[in-house]
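Here is the structure we will look at, set down as structure tokens.
The values are calculated or read from the model by the stated rules, or taken from the named source; none is laboratory data. As the structure is a prediction and not an experimental result, all values here were calculated from the model. A quick note on method: Cβ atoms are made from the backbone with ideal geometry, for glycine too, and the neighbour counts reach across all protein chains shown. To get the accessible areas, we keep the full protein, side chains included, count just its heavy atoms, and leave off ligands, DNA and RNA. Shrake-Rupley method; radii C 1.70, N 1.55, O 1.52, S 1.80 Å.
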Amino acid sequence: MRFQRSSGVLMHISSLPSYGGIGDLGPEAYKFLDFLAQAKQHVWQVLPLCPTGYGSSPYSACSAFACNANLISLEFLADWGWIDGDHIANLPGRSGNVNFEELESRKIPLVYEPRPNFLTRGAEDEKLQGQWQRFTAFCVQEASWLNDYAHYAVFKNHFKTGAWTEWPEPLRCREPEAMKAAALQYGHEPRRRTSRAVRL
């Protein structure tokens with residue numbers, strides 16, 4: 001097989017300027033793609049985009065399929081009317097180093113903010129039909145990993161550890177009654193985690 005000779009760049013999305021203290025899949029990513037096209041570059045190589053594990057390393061992932069919520073664009077969420085634009089005006093940086101602790105305390109709550117509203121009225125609101133249909137289609141298409149990942153993310157947060165061997169035995173063994181009880185206890189939370197895993 002013959003391949004056309006080409007060139008490109010290696011740069012992680014987190015290096016882009018963006019509101020929230022880390023580069024994301026927002027307007028600057030699209031601008032960068034336009035720049036690459038104008039420069040006749042054919043490849044944009046990035047580091048893994050999955051949720052990071054210990055030390056916030058992209059090579060220490062807790063899922064091979066889900067997207068890192070830090071890469072969700074607050075600017076797009078504001079443009080869609082899901083969060084108030086004033087909420088992102090004073091967020092840290094479009095430059096400088098990434099502070100991962102600050103991301104967890106300031107950006108991630110804003111990423112979560114629209115979830116309950118979307119899950120509650122997304123199916124009935126005509127303005128949301130396009131996004132809701134894409135969301136539900138993704139959930140069905142990716143159910144083979146998405147449902148398990150959503151539960152893992154919820155339990156990891158609740159028990160303050162991703163080491164599932166330290167969780168209560170009924171959940172470790174996925175006993176049906178324990179999973180049903182967890183569904184009642186956490187309500188929409190697994191679906192919120194599911195929506196966070198979707199590549200917006």
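Do you know which residues across the range 49-103 are in contact with a strand residue (DSSP E or B) (Cβ under 8 Å, 6 or more places away or on another chain), of a type in the set (Ser, Thr, Tyr) and either open to solvent by less than 30 Å² (accessible area, probe 1.4 Å) or part of a loop (DSSP other than H, G, I, E, B) (or both)? SER60 - this is the single residue of the range 49-103 that is in contact with a strand residue (DSSP E or B) (Cβ under 8 Å, 6 or more places away or on another chain), of a type in the set (Ser, Thr, Tyr) and either open to solvent by less than 30 Å² (accessible area, probe 1.4 Å) or part of a loop (DSSP other than H, G, I, E, B) (or both).
Is it the case that the range 24-40 has a residue that's surrounded by fewer than 16 Cβ atoms within 10 Å (Cβ to Cβ) and closer than 17 Å to ILE108 by Cα? No: the range 24-40 contains no residue that is surrounded by fewer than 16 Cβ atoms within 10 Å (Cβ to Cβ) and closer than 17 Å to ILE108 by Cα. The residues of the range 104-113 that are farther than 19 Å from GLN131 by Cα and open to solvent by 60 Å² or more (accessible area, probe 1.4 Å), listed by number, are GLU104, SER105, ARG106, PRO109.
Mind listing just one residue for me: the one in the range 118-165 that is of a type in the set (Lys, Arg) and either at pLDDT 90 or above or at negative phi (or both) and, of those, most open to solvent (accessible area, probe 1.4 Å)?
Step one: filter the range 118-165 for residues of a type in the set (Lys, Arg), giving 121, 127, 134, 156, 160.
Now restrict to residues that are either at pLDDT 90 or above or at negative phi (or both): 121, 127, 134, 156.
Values: ARG121: 91, LYS127: 188, ARG134: 156, LYS156: 66 Å².
Looking at residues that are of a type in the set (Lys, Arg) and either at pLDDT 90 or above or at negative phi (or both), I get LYS127.
Helices (runs of 4 or more DSSP H) fully within the range 106-160 that include at least 1 residues being within 16 Å of ALA66 (Cα to Cα): 108-112, 129-141, 143-158.
Output yes when any residue across the range 44-65 is farther than 27 Å from ALA150 by Cα and modelled with pLDDT of 85 or more, and no when none is. First the steps, then the outcome.
So the first thing to find is which residues in the range 44-65 are farther than 27 Å from ALA150 by Cα, and the list is 44-45.
From the residues that got through so far, the ones that are modelled with pLDDT of 85 or more too are 44-45.
Among the residues of the range 44-65, at least one is farther than 27 Å from ALA150 by Cα and modelled with pLDDT of 85 or more, which makes the answer yes.
Here is the figure for the range 1-23: residues that are part of a helix (DSSP H, G or I) and surrounded by fewer than 18 Cβ atoms within 10 Å (Cβ to Cβ) total 1.
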